[in-house]
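The values are calculated or read from the model by the stated rules, or taken from the named source; none is laboratory data. All of these numbers come straight from a predicted model, not from anything done at the bench. Methodologically, a virtual Cβ is constructed for each residue, glycine included, from the backbone with ideal geometry; neighbour enumeration extends over all protein chains shown.
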Amino acid sequence: MTTPTPDTTPLADKPTWLETLKVYREPASLRMLSLGFSAGLPLLLVFGTLSFWLREAGIDRTTIGFLSWVGLAYGFKWVWSPLVDRLPLPLLTRRLGRRRSWLLLAQAVVMGGLVGMALTDPRQALAPVVWCALAVAFGSATQDIALDAFRIESADAQRQAALAATYQTGYRLAMIWAGAGALWIAARAEVPVAAAGGTLASTYQHAAWQTAYLVMAASMLPGVLTVLLSSEPARREIPPAKNAADWLRSALVEPFADFISRYHWQAVLILALIATYRISDVVIGIMANPFYVDMGFSKDEVAAVTKIYGVVMTLVGAFVGGAMALRMGVMPVLLLGAALSAATNLLFAWLAGQGHDVQALIFVISADNLASGIASAAFIAYLSSLTNVNYSATQYAMFSSMMLLLPKFVAGYSGVYVDQFGYHSFFTATALLGVPVLVLVWLASKAKTAPSP
């Protein structure tokens, strides 16, 4: 398979801005909006929102940091991605096809895990919450494997940036709902408690979080409906395996060997870039909500700021990033996104010195979401361009696993770092983590246009 080179398109052949924007109205793009929402919903519910819940329940920051290792399920999804790529599911695959059957199963696991989390109080028993969160993470990672393959197989390489943009928009909207929406629901579900002197006191109430997580479980239903109403991508005929060794070779060895054979020594550079590109965002994300709690921001304040300003800037960033990648090429936007992601972490360091300042919070969250939308749209398009359609699920799972493995491992120590050095030092350090990424993007952009040896 010849690797797409979107950065070398002659100017005369590039579409007009009007033609570029029309791609967002195509059915494949609209499906990605809904399925992106289904993919993005579970993430914060086992990371950011869960950390807010645990901190409010009195769980210490060090424990919260280590519990973020639940997300390592995303980092190891390449292990079972060959099964999603090749193994049919009894009854479901015959009726729905390979991609949609795995999507439906994964969504059911996510919903069941969220219900389990809702019914367990971490203040009374933390272990059941962790096990249910692991189920959500495993189901979500499996959904990502099937959905990435579904997306890549649903359109040609030229439209992958647009599909990435609408997918990312749905994904970010879901993160807003799972973050700000869950906090807003939990705040509304609280029962006022009178304190001494007749004033109302803010106390931890498990029932409020239970309501929020049950609503989040129900929010997976639009994605389920989209899967049921969508058509399966054109089926690729896979030659039957002669024996178990032949199946293992075609499922496990060939996808990785294909990538190495196409990129040779450049594969090391590409994998290093993938492994570190989102490190600034992922590491900071674990401590963001505990930071808001410790700074005195209420659930309503965090929810309102994230919902209003965060949504607007996320939409702007995702659509601008997707359109820029389609018109200008992926690599320049990838470099811009990396620079903005690192720079906005310094804004959190500044916010740490402002105290309880809602206006400052609005500014920082808006800038951070804009940068994240641009970076994510370009990065998804970049990963898609590296994938051979014959091994789309396995190869994309390998890439996206590497994207999360190192950052989430480092993020596990974020609570320890904050306890030792404070929030200001932590946010500054996460910004510095993004500096090597800029060098890797620059090197990858040079290598990508170089003639193959």
Discussion item. If I filter the stretch 43-68 down to residues being part of a loop (DSSP other than H, G, I, E, B) and under 22 Å from the mean Cα position of the chain (by Cα), which single residue comes out as farthest from D294 (Cα to Cα)?
Written reply: V46
Practice prompt. Find all pairs meeting these conditions: Cβ atoms under 7 angstrom apart; at least six residues apart or on different chains; first residue within the stretch 110-135 and within 12 Å of Q210 (Cβ to Cβ); second residue outside any helix (DSSP H, G or I) and small (G, A, S).
Written response: P122/A57
Worksheet item: For the stretch 68-93, what are the residues that are farther than 23 Å from R249 by Cα, among the aromatic types (F, W, Y) and buried (at least 21 other Cβ atoms within 10 Å of the Cβ)?
Response: Y74
Item to complete: Kindly indicate the residue of the stretch 253-284 that is outside any helix (DSSP H, G or I) and of a type outside the set (F, W, Y) and also farthest from the chain's Cα centre (by Cα) among those meeting that condition.
Response: H264
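Matching residues to (1) modelled with pLDDT of 75 or more; (2) touching a Gly at 6+ places or on another chain (Cβ under 7 Å); (3) part of a helix (DSSP H, G or I):
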| residue | (1), (2), (3) |
| --- | --- |
| G181 | yes, no, yes |
| W184 | yes, no, yes |
| A187 | yes, no, yes |
| V191 | yes, no, no |
| G197 | no, no, yes |
| T211 | yes, no, yes |
| V215 | yes, no, yes |
Worksheet item: Exactly one of (1) of a type in the set (D, E, K, R); (2) at pLDDT 80 or above; (3) surrounded by 17 or more Cβ atoms within 10 Å (Cβ to Cβ) is unmet by E232. Its number?
Response: (3)
Practice prompt. Could you check G296 against (1) at positive phi; (2) part of a helix (DSSP H, G or I) and say which number it fails?
Written response: (2)
Worksheet item: Scanning for something closer than 26 Å to A323 by Cβ, assigned to a loop (DSSP other than H, G, I, E, B) and over 18 Å from the mean Cα position of the chain (by Cα), does the stretch 366-387 turn up at least one residue?
Response: yes
Worksheet item: What do you reckon, is L96 closer than 27 Å to D246 by Cα, over 21 Å from the mean Cα position of the chain (by Cα), surrounded by fewer than 21 Cβ atoms within 10 Å (Cβ to Cβ) and not basic (K, R)?
Response: yes
Worksheet item: Of the residues that sit in the stretch 387-418 and are in contact with a Phe, Trp or Tyr (Cβ under 9 Å, 6 or more places away or on another chain), within 30 Å of V253 (Cβ to Cβ) and aromatic (F, W, Y), which one is surrounded by the fewest Cβ atoms within 10 Å (Cβ to Cβ)?
Response: F409
Item to complete: Out of the residues in the stretch 419-450 that are closer than 28 Å to R262 by Cα and of a type in the set (D, E, K, R), state the one that is surrounded by the most Cβ atoms within 10 Å (Cβ to Cβ).
Response: K448
Worksheet item: If S280 satisfies every condition in (1) at pLDDT below 85; (2) farther than 17 Å from S51 by Cα but one, which is the exception?
Response: (1)
Response to the item:
For W131, the lone unmet condition from (1) within 21 Å of the chain's Cα centre (by Cα); (2) surrounded by 16 or more Cβ atoms within 10 Å (Cβ to Cβ); (3) at pLDDT 90 or above is (2)
Fill in: Sole exception among (1) in a helix (DSSP H, G or I); (2) touching a Pro at 6+ places or on another chain (Cβ under 9 Å) for P122, by number
(1)
Discussion item. So, S384, is that one touching a residue at least 60 places away in the same chain (Cβ under 8 Å), among the polar types (S, T, N, Q) and either buried (at least 23 other Cβ atoms within 10 Å of the Cβ) or under 19 Å from G337 (Cβ atoms) (or both) or not?
Written reply: yes
Practice prompt. Select from the stretch 199-209 the residues that are modelled with pLDDT under 75 and either in a strand (DSSP E or B) or under 30 Å from A106 (Cα atoms) (or both) and list them in ascending order.
Written response: L200, A201
Response to the item:
Of those in the stretch 41-66 that are surrounded by fewer than 23 Cβ atoms within 10 Å (Cβ to Cβ) and not hydrophobic (A, V, I, L, M, F, W, C), the residue nearest to Q168 (Cα to Cα) is G65
Fill in: Residues of the stretch 235-273 that turn out to be among the hydroxyl-bearing types (S, T, Y), at pLDDT 80 or above and either in contact with a Ser or Thr (Cβ under 9 Å, 6 or more places away or on another chain) or surrounded by 13 or more Cβ atoms within 10 Å (Cβ to Cβ) (or both), as a count
1
Item to complete: Read through the list (1) more than 20 Å from the chain's Cα centre (by Cα); (2) hydroxyl-bearing (S, T, Y); (3) in a helix (DSSP H, G or I), then give the number of the only condition that T142 fails.
Response: (1)
Worksheet item: Taking the stated definitions as given, is G113 modelled with pLDDT of 85 or more, farther than 16 Å from K408 by Cβ and in a loop (DSSP other than H, G, I, E, B)?
Response: no
